[in-house]
Structures are given as structure tokens and as C-alpha cells.
């Protein structure tokens, strides 16, 4: 049985965290730790990569595995290099929605296309939270943010469906309310050979909550009631893709063997 | 299953009260005291009603609560 004391002694570098009260990032840290512990993989075989943003603070500095804190939007590019250099590593990228789809959207598409064997956990709170709540590619239509005070005139990007169409091996979407499903999904994603992508809807009480007039408890209730497996569009949760495909580093090794002859 | 003790680390707690919300048996409540950040941390209202489901530990963003089983 995993207890808080066990997690604090074995997996967390330092506490208290810098997250706001009620932020979902702490819950996602909890989920990643529990998934790694359930799989019983050595911490030395895991590497975490993060970019810039609130959610980039989840692996670095709190998660006690080797971690790489990189430039804005580029964690997937760094992680691809890490995986190609050492294919034995389980590389986990934790990135925000602005980081993964706004600044580094092309890296996400091309990592999914080339099917490199990394795991991307995208924490989606619908805006750029660290810089003050500006509009992001994932902000829903007519949602208020700091830079769209009369509502967002544009439409939001359904990231999971885009990544699925780009050719990822595993795609799932959960919220911070669905903790057990999220942990099981992270376990599956880490063990997946190809590119795996998990989108986690997370509550941001400081900016998203202020704009929606909700506190974090109401937002968790909103996740529970509105986000369902039989819903449509961005409110649909669950596993979208779970297939086996040839992986990039394996194909590279095959090519090297072929060229050597 | 019965709980022997529920340990709340009042210096890690940020007073978000998610644990109180997810508790199915209403074992926890908000205390009248504040911690060093000036936040209301949870308190155990009825230890006997705890069924050791550990949902509070699973949902706590700050690893501040721990249920000790009997």
C-alpha cells in the first residue's frame, strides 16, 4: 500500500511545492509517482524532461528521478535526443498546454509522426497560467482570459485528436478528478513501445478559476459531471488510441545494422 | 478496516480542502486553528467513521495527509 510517508521518503525531492493552493499539478505529481511505483521500474531507468510553465515544475525539482528542465516549448525535442542516445531509458515529458501546443506544437506533431518511444503528459488548464492567464490554443470558445476579457473569439484545439491523427501509439485524456484511471493510463503509456500521449485536464484556481468564477472544488465537480466517456469534442475522456507500431529507435538500429553490411 | 490515526502535516497543508471534499464518510472537517501560512488545515472530526479508502491521500496535492491503518 502506497502511503504519503512512503512517497515523501522515496520519490519527492523537497516540499512544500511552489504550486498554488488547490492546483492540480500536485495531484499529477502524485499520479506519476504512483504509476512509477506500481510498475516497479528502477528510478535510474527513468528520465523526466520538462519545458517552461507551472506544470514544468512537476518533475523538476520535485520528482526524484534524473530530470532536464529545458527551454520553452522544446522538451519533446530534448527528450527525442535523450531517447535516441539511450533507448533503454523511459523518458517522460511533462509539459503544459501552452508549452506543448502553443510554443512547441510542431515538435509534438513530429514526435507523434516519427513514433519515438517517449511518454508525453500534457497538463491542460486552458490558458498560460504562469505568465498571468493569457489566451492559449486550448482555451475554449467564448471563455474569458486576461487577454480576451470579452470571451475568446477563436476556437480551441482538440489536442488528443490531433496527436492521434498524427500517428501516436497511445492517446488518452483524463482529468484530475479521474485519478485511478490516470494512474493506470500513465502505467500503460510508460510501458508502451511507441509515442504515448496523455492529456490531463487540470484545475487552475488562480487564473482559470477566477475567470470562470469557480473555486478548485467546483472545478473538480465540473470535471466529474461534464467530462464523460460518452461526451463529445473536448469533453470526451478515455483512451482514444492503443496500437502497436514500429518505433523510431528500433528502426534506427535496424538501419544501422543494414548499412554496416 | 479501521484507522488508528490520521496524521495531518499542518506545515505542508495549503488549506485547499480537497481531502474534505473527496472523503466519502465525512471524517474530516475544517479546523478553527490556522497554520503558519494563515490557512485553515483539515481536522479529524470522527476517526471511527474512517474506512481507510485513502482517497484523501490520493487526491492531496501536497502529500500532507496520511491514514495509519490499525
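The values are calculated or read from the model by the stated rules, or taken from the named source; none is laboratory data. What you see is a predicted model; the values in this text were computed from it and never measured. A quick note on method: Cβ atoms are made from the backbone with ideal geometry, for glycine too, and the neighbour counts reach across all protein chains shown.
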- Note on the structure: residue A:52 passes all but one of the listed conditions (1) at the interface with chain B (Cβ under 10 Å from one of its Cβ atoms); (2) more than 15 Å from residue A:91 (Cα to Cα); the exception is number (1)
- State whether the residues of the stretch A:223-232 include one that is over 15 Å from residue A:115 (Cα atoms), over 19 Å from the mean Cα position of the chain (by Cα) and either in contact (Cβ under 8 Å) with a residue 12 or more places away in the chain or buried (at least 21 other Cβ atoms within 10 Å of the Cβ) (or both). yes
- Query: Residues in the stretch A:115-129: is at least one closer than 30 Å to residue B:54 by Cβ and without any contact (Cβ under 8 Å) to a residue 40 or more places away in the chain?
  - Reply: no
- Query: Here are some conditions: (1) at pLDDT 90 or above; (2) crowded, with 17+ Cβ neighbours inside 10 Å. Residue B:3 meets all but one. Which one does it not meet?
  - Reply: (1)
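Name the residue, out of A:73, A:98, that is in contact with a helix residue (DSSP H, G or I) (Cβ under 7 Å, 6 or more places away or on another chain), within 22 Å of residue A:158 (Cα to Cα) and buried (at least 23 other Cβ atoms within 10 Å of the Cβ). Spell out the reasoning first.
Details: A:98 fails: in contact with a helix residue (DSSP H, G or I) (Cβ under 7 Å, 6 or more places away or on another chain).
The conditions single out A:73.
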- Query: What is the one condition in (1) more than 9 Å from chain A (Cβ to nearest Cβ); (2) touching a helix residue (DSSP H, G or I) at 6+ places or on another chain (Cβ under 7 Å); (3) closer than 20 Å to residue A:27 by Cα that residue B:8 does not satisfy?
  - Reply: (2)
- Taking first residues from the stretch A:1-14 that are at negative phi and second residues anywhere that are modelled with pLDDT under 90 and assigned to a helix (DSSP H, G or I), the pairs with Cβ under 6 Å that are 6 or more apart or on different chains are A:13/A:61
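Among the residues of the stretch A:1-15, write down those that are facing chain B (nearest Cβ under 7 Å) and either crowded, with 16+ Cβ neighbours inside 10 Å or closer than 24 Å to residue A:199 by Cα (or both).
Pass one, the stretch A:1-15, residues facing chain B (nearest Cβ under 7 Å): A:3-5, A:7-8, A:12, A:15.
Across the stretch A:1-15, the qualifying residues are A:3, A:4, A:7, A:8, A:12.
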- Restricted to the stretch A:155-171 and to residues being crowded, with 24+ Cβ neighbours inside 10 Å and outside any helix (DSSP H, G or I), the residue nearest to the chain's Cα centre (by Cα) is A:171
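Matching residues to (1) over 18 Å from residue A:170 (Cβ atoms); (2) surrounded by 19 or more Cβ atoms within 10 Å (Cβ to Cβ); (3) free of Cβ contacts under 8 Å to residues at least 40 places away in the same chain; (4) more than 14 Å from every other protein chain (Cβ to nearest Cβ):
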position: A:17; (1), (2), (3), (4): yes, yes, no, no
position: A:32; (1), (2), (3), (4): no, yes, no, no
position: A:35; (1), (2), (3), (4): no, yes, no, no
position: A:63; (1), (2), (3), (4): yes, yes, no, no
position: A:91; (1), (2), (3), (4): no, yes, no, yes
position: A:108; (1), (2), (3), (4): no, yes, no, yes
position: A:112; (1), (2), (3), (4): no, yes, no, yes
- Task: Those residues that are in contact with a helix residue (DSSP H, G or I) (Cβ under 8 Å, 6 or more places away or on another chain) and facing chain A (nearest Cβ under 8 Å), I need them from the stretch B:32-70; list them, please.
- Result: B:57, B:58, B:59, B:60, B:61, B:62, B:63, B:64, B:65, B:66, B:67
